[in-house]
């Protein structure tokens, strides 16, 4: 072997060993992908490593040959998750430009993500129809006179799309070839009865008969539809083991980081609790705002489902700010977190469903109107009228993943905010362009902005 070939072989083996070590770590925790993604390659959100795999695929083949079976399966395993969000593992190039790897085509990736979201929401709608049919059957078999159905989800379907995708992919183990949108749809439809359940209570109601002297007592059965949540789906639809569940949560966080969609709301583990801030009011906007911080020692360790407010409670804390500022009631983060949990808006390990914002506003009789990134004037007008605007932000100045903040007014052409995780950011003035550009592009429930008041 000549010196050049020795050098090439040595480089290949060193690269292969390094890649194998990296990929093994990714398989173990999934979180390494999120760190890699922070060094995103220009031209696409997937990240420098994934882009390099495609751009230098001939070198990758040498690495695979050199390290044989040891490296082959880890590479296929790590690509299993992107296989759904990026189209497939066998068609690695953009439909918009055959010379461009799909991993570096933001438009194609977003289109695939939107197609998946549309499919999941369609199946959730079918799940609602299914539970209504089951309620009708249950009532028909009862001795009730009338029924009432409470459906909190009629206008706001709730789901963590990223966690759906991640649980599905994690359930496949090394069976990467079978991963497809059609297969995921089939899996979800097979488990359609597990998407929603219902509870029922009995009430006896009196009404006056045709003669005012006659009182008729009627038996009413009150049905309440319950969204079972992704933690339940992990057991009953995807049937994940503990290792797969942990991997799916890491995958979901990675996807939220890749897509910048604000679906995963969680502060870094090293965030420190703040001393009690006491009673803070901001008076420099059109509306006096009562400020709460999720890291305040008064609330940080309090429960939000099985999570805590300090790590995952930006949604309830934002709505505590809004409700306490716009009504005559003070609702602190602990109280709002309990309301959100009791009413199904907590998402285990991911924060809150976006539907929390409009639903909580309606629960406290506050007018609410969704707003897109294409309507900046609508936001400015609302703030000028003294309304508050809740925004779900993606990666940028306010978060590395997803985070709810409150826009509380304008000053000298800048935006004033109440950031539930940062008193410092709440005292700064922000360019509208930053707010618009960093707002989630795939918000649910009418977002990424909700005008309240």
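The values are calculated or read from the model by the stated rules, or taken from the named source; none is laboratory data. No experiment lies behind these values; they were computed from the predicted model shown. Cβ atoms come from the backbone with ideal geometry, glycine included; neighbour counts cover every protein chain shown.
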Selection count where residues are closer than 19 Å to residue 288 by Cβ and crowded, with 19+ Cβ neighbours inside 10 Å, scope segment 416-439: 6
Candidates 442, 408, 425 - the one that is under 27 Å from residue 350 (Cβ atoms) and modelled with pLDDT under 95: 442
Unmet criterion (only one of (1) under 19 Å from the mean Cα position of the chain (by Cα); (2) free of Cβ contacts under 8 Å to residues at least 24 places away in the same chain) for residue 374: (1)
Checking residue 349 against (1) touching a strand residue (DSSP E or B) at 6+ places or on another chain (Cβ under 7 Å); (2) within 19 Å of residue 253 (Cα to Cα); (3) in a helix (DSSP H, G or I), the condition it does not meet: (3)
Test: residue in segment 189-196 that is surrounded by 14 or more Cβ atoms within 10 Å (Cβ to Cβ) and in contact with a strand residue (DSSP E or B) (Cβ under 9 Å, 6 or more places away or on another chain): yes
Single residue of segment 303-331 satisfying the filter (part of a loop (DSSP other than H, G, I, E, B) and buried (at least 19 other Cβ atoms within 10 Å of the Cβ)) that is nearest to the chain's Cα centre (by Cα): 313
Test result for residue 234, buried (at least 22 other Cβ atoms within 10 Å of the Cβ) and under 22 Å from residue 156 (Cβ atoms): no
Any hit, segment 267-288, residues being under 26 Å from residue 429 (Cβ atoms), crowded, with 24+ Cβ neighbours inside 10 Å and in contact with a strand residue (DSSP E or B) (Cβ under 9 Å, 6 or more places away or on another chain): no
Selection count, segment 129-180, where residues are under 25 Å from residue 350 (Cα atoms), in contact with a strand residue (DSSP E or B) (Cβ under 7 Å, 6 or more places away or on another chain) and surrounded by fewer than 17 Cβ atoms within 10 Å (Cβ to Cβ): 1
Failed item, numbered, when residue 337 is tested on (1) surrounded by 20 or more Cβ atoms within 10 Å (Cβ to Cβ); (2) assigned to a helix (DSSP H, G or I); (3) in contact (Cβ under 8 Å) with a residue 40 or more places away in the chain: (3)
Search result, residues across segment 418-447 that are in a strand (DSSP E or B) and out of contact with any helix residue (DSSP H, G or I) (no Cβ under 6 Å at 6 or more places or on another chain): 422, 429, 430, 439
Conditions (1) under 30 Å from residue 275 (Cβ atoms); (2) touching a helix residue (DSSP H, G or I) at 6+ places or on another chain (Cβ under 8 Å); (3) buried (at least 19 other Cβ atoms within 10 Å of the Cβ): number failed by residue 450: (1)
Only listed residue being touching a residue at least 60 places away in the same chain (Cβ under 8 Å), closer than 21 Å to residue 346 by Cα and under 24 Å from the mean Cα position of the chain (by Cα), chosen from 196, 232: 196
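Listed here are the residues, each with its yes/no results for (1) at pLDDT below 65; (2) assigned to a helix (DSSP H, G or I); (3) surrounded by 17 or more Cβ atoms within 10 Å (Cβ to Cβ).
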| position | (1), (2), (3) |
| --- | --- |
| 88 | yes, no, no |
| 99 | yes, no, no |
| 107 | no, yes, no |
| 111 | no, yes, no |
| 117 | no, yes, yes |
| 122 | no, yes, no |
| 126 | no, yes, no |
